[in-house]
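In what follows, a structure is listed as structure tokens, so that the remarks can point back to it.
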Amino acid sequence: MLMTDISELEKIQDICSQVSEAIASELNLDVEIVDRRLKRIAGTGKYRDRVGRYLNEDGAVYSDVIRKGKGIVVETAGEEEICKKCYKHGDCEEKAELSAPIADSGTVFGVIGLVCFTDEQKQNFMERLPSHKLFIEKMAGLIAASVVKAKLREEERLYTQEIMLLIDRIPDPVIAFEADGKVLHINASARELMSLDDWQDATIDSWPGLAFLHDVISTRREIEEKELFINLDGEEKPFLVSAYPLSFEKNLFGAMVLLRPMAKFHQLFYDMMQPHDKIGLDDFIGVSRPIVELKERVLRIAKSRSTILITGESGTGKEILARAIHYTGDGMDKPFITVNCGAIPDNLLESELFGYDEGAFTGARKGGKPGKFEMADGGTIFLDEIGDMPIHLQVKLLRVLQEREIERLGSNRSTKINVRIIAATNSNLESKVRKGEFRDDLYYRLNVIPLNIPPLRQRLEDLEPLIEYFIGQYSGILNKNISGIAPEAMKALRQYTWPGNVRELENTIEYAINMEESPVIHVFSLPEKFRTDRSGSGDTDGGSIDMRGSERELICEALRRYGTSYGGKLKAADELGIGIATLYRKIKRYSIHLSE
């Protein structure tokens, strides 16, 4: 008979042995304990050397106890009816026997038996049979309770192992504690975060910031995503903390805490909110010498963490250049956070930049709020229109540049940050410094690496590639089949001074694509100011150009060439790059007589 699994009583064999020895000593009787497979688990006297053996054919009484779940008293061993099933029938060495099932909730784990080998033992046994029966039943119940406890401990151990395996699979730092506060398990992310090699003796109190876990254990109350500052290596850092009590079969045995660095949370939020396309230097379009030299300078400083100040008129592309710097450098997978210092009211800008703690002011959000500097940790913060920043905030920004740390509103706690600062302005900061509107020490801190973007009117070589780019972009967005621009339209765009720079050019091309019905942008699809040049740029051909008149003349010439029949008008419309219906509308608009 091959038995490979371990029975419930084998798992508590030490307890069975101790109980059997105690009973034998107390009652002066031999004791044996067998499991439900009739394997002897413990024994005293003659049975001590037979522990580990199976009873098989000589286990008729115990088999009956296991099958029926009821105890049996054998007053004359070897002579009673049940004894006839035993192969020792008629030659039994025992005198009398009392057995009781070891069971719980209807499940029989085995049998405990009291055995008499002498007449004296039998006489004493029979005289005290009721008390012996009660005693042996209590002992059987004690052993059964030990089986149940052992099973619970084993299930708890397996449950704990499952928890530890689960914790190891969680990418965020997780620590599990026992009910007494000792570390039960800590996953690889937490060990790395807390620089732990040996954590066997660590407790909740090893990290003052985790003291709240004592309350989690005592109250069994969960904590869901609460921002807390935890001191690690002498530096307090913000974490998004969740904590849960650990229990098995309603028995609490510890707590688990999940620690997500706020920087990682900010990164996840940033990744979800930002477009997947990363802007590089190729997206800063231009072939003119100033732009080529600017790009070369960016390539040299992109990996630097030094502060950059970008200057240039409104609409020249300062934010695009800032993004290109960020994505060209080492932080391309880190956050790029923008703040328009001129668009946010003064009373809100401070909390927007530096964040605030709970209760910092009336209306402050529960739990507080991180600022843009914290959200940009590890990456880049772009401070646009820096010249409009209030003086009192310039002092705080100067401290950030000097100390590389921020302090939330309503807090006296400083938080270290690793942020590259790129500032931009269309103002003359030197003039503001002279007027006392901008701190000179802040200006020098910002102007470590100055980059200037020249206006579009000073680099008209960039006009054509920019137009080509915007035509491709907005033709796709607006679902129009437009691929180029007519010479007279390009001429009109070149004669314009572009006070709004690249932004104005982009809006102009978007407008033209909306208006144009042919595959090529014509002058009559441009905004009105380009059809009658009122830009003040001066004329390049000896006088101002009437674009409206030019369009009328083009239509007249085409009609003269092809005639005014329907077929001639079709050919004229085709040459002009417009539809026949559009041609009829323009003939009516310009009062073109068919005789001319």
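The values are calculated or read from the model by the stated rules, or taken from the named source; none is laboratory data. Everything numeric here is computed off the predicted structure, so don't read it as measured data. Please note: Cβ atoms are built from the backbone with ideal geometry, for glycine as well, and neighbour counts cover all protein chains shown.
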### Summary
Scanning the range 110-123 residue by residue, those buried (at least 16 other Cβ atoms within 10 Å of the Cβ) and over 60 Å from the mean Cα position of the chain (by Cα) turn out to be 113, 114, 115, 116, 117, 121, 122
### Task
Return the only residue of 516, 506 being more than 19 Å from residue 315 (Cβ to Cβ) and in contact (Cβ under 8 Å) with a residue 24 or more places away in the chain.
516
### Message
I'd like to check something: does the range 170-180 contain any residue that is assigned to a helix (DSSP H, G or I) and either of a type in the set (Lys, Arg) or touching an Asp or Glu at 6+ places or on another chain (Cβ under 9 Å) (or both)?
### Response
no
### Selected residue (criterion: farthest from the chain's Cα centre (by Cα)) from residues of the range 405-430 that are surrounded by 14 or more Cβ atoms within 10 Å (Cβ to Cβ) and in a loop (DSSP other than H, G, I, E, B)
427
### Query
Across the range 385-404, which residue is surrounded by the most Cβ atoms within 10 Å (Cβ to Cβ) among those that are touching a residue at least 24 places away in the same chain (Cβ under 8 Å) and in a loop (DSSP other than H, G, I, E, B)?
389
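This table checks each residue for (1) more than 16 Å from residue 42 (Cα to Cα); (2) surrounded by fewer than 16 Cβ atoms within 10 Å (Cβ to Cβ); (3) of a type in the set (S, T, N, Q); (4) modelled with pLDDT of 90 or more.
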{"residue": "87", "(1), (2), (3), (4)": "yes, yes, no, no"}
{"residue": "102", "(1), (2), (3), (4)": "no, no, no, yes"}
{"residue": "108", "(1), (2), (3), (4)": "yes, no, no, yes"}
{"residue": "139", "(1), (2), (3), (4)": "no, no, no, yes"}
{"residue": "143", "(1), (2), (3), (4)": "no, no, no, yes"}
### Message
Out of everything in the range 469-498 that is assigned to a loop (DSSP other than H, G, I, E, B) and free of Cβ contacts under 8 Å to residues at least 40 places away in the same chain, what residue ends up being nearest to residue 319 (Cα to Cα)?
### Response
478
### Query
Within the range 20-59, can you find the residues that are among the aliphatic types (A, V, I, L, M) and either out of contact with any helix residue (DSSP H, G or I) (no Cβ under 7 Å at 6 or more places or on another chain) or not in a loop (DSSP other than H, G, I, E, B) (or both)?
22, 23, 24, 27, 31, 33, 34, 41, 42, 51
### Query
In the range 109-159, what residues are hydroxyl-bearing (Ser, Thr, Tyr), assigned to a helix (DSSP H, G or I) and either touching a residue at least 40 places away in the same chain (Cβ under 8 Å) or closer than 24 Å to residue 55 by Cβ (or both)?
146, 159
### Query
Just for the range 431-468: of the residues that are of a type in the set (D, E, K, R) and outside any helix (DSSP H, G or I), which one is nearest to residue 342 (Cα to Cα)?
437
### Message
Just to be sure I understand the filter: pairs with C-beta atoms under 9 Å, separated by 6 or more residues or on different chains, first member in the range 182-202 and under 18 Å from residue 163 (Cβ atoms) and touching a residue at least 60 places away in the same chain (Cβ under 8 Å), second member surrounded by fewer than 19 Cβ atoms within 10 Å (Cβ to Cβ) and aliphatic (A, V, I, L, M). Which pairs pass?
### Response
184/164; 190/196
## Note on the structure
Those residues of the range 571-580 which are modelled with pLDDT of 80 or more and either surrounded by fewer than 14 Cβ atoms within 10 Å (Cβ to Cβ) or within 58 Å of the chain's Cα centre (by Cα) (or both) amount to 580
### Residue selected from the range 275-295 under the condition acidic (Asp, Glu) and within 17 Å of residue 327 (Cβ to Cβ), by the criterion modelled with the lowest pLDDT
277
### Task
Provide a single number: the residues in the range 415-447 that are touching a residue at least 60 places away in the same chain (Cβ under 8 Å) and in contact with a strand residue (DSSP E or B) (Cβ under 7 Å, 6 or more places away or on another chain).
10
#### Entry: Residue match in the range 362-376 (condition: at pLDDT 90 or above, among the hydroxyl-bearing types (Ser, Thr, Tyr) and either surrounded by fewer than 16 Cβ atoms within 10 Å (Cβ to Cβ) or closer than 20 Å to residue 319 by Cα (or both))
no
### Query
Would you call residue 299 surrounded by fewer than 16 Cβ atoms within 10 Å (Cβ to Cβ) and either part of a helix (DSSP H, G or I) or modelled with pLDDT of 95 or more (or both)?
yes
### Task
With respect to residue 379, determine if the residue is on the phi > 0 side of the Ramachandran plot and at pLDDT below 90.
no
### Query
Within the range 265-274, is there a residue that is in a strand (DSSP E or B), at pLDDT below 70 and either surrounded by fewer than 12 Cβ atoms within 10 Å (Cβ to Cβ) or over 25 Å from the mean Cα position of the chain (by Cα) (or both)?
no
### Message
Just to be sure before I move on: is residue 534 modelled with pLDDT under 90 and either assigned to a strand (DSSP E or B) or of a type in the set (D, E, K, R) (or both) in the structure I sent?
### Response
yes
### Task
Please determine, by comparing only the residues of the range 188-245 that are assigned to a helix (DSSP H, G or I) and exposed (fewer than 13 other Cβ atoms within 10 Å of the Cβ), which one is modelled with the lowest pLDDT.
208
### Query
Does the range 431-476 hold any residues that are among the β-branched types (Val, Ile, Thr) and surrounded by fewer than 19 Cβ atoms within 10 Å (Cβ to Cβ), and which are they?
433, 448, 449
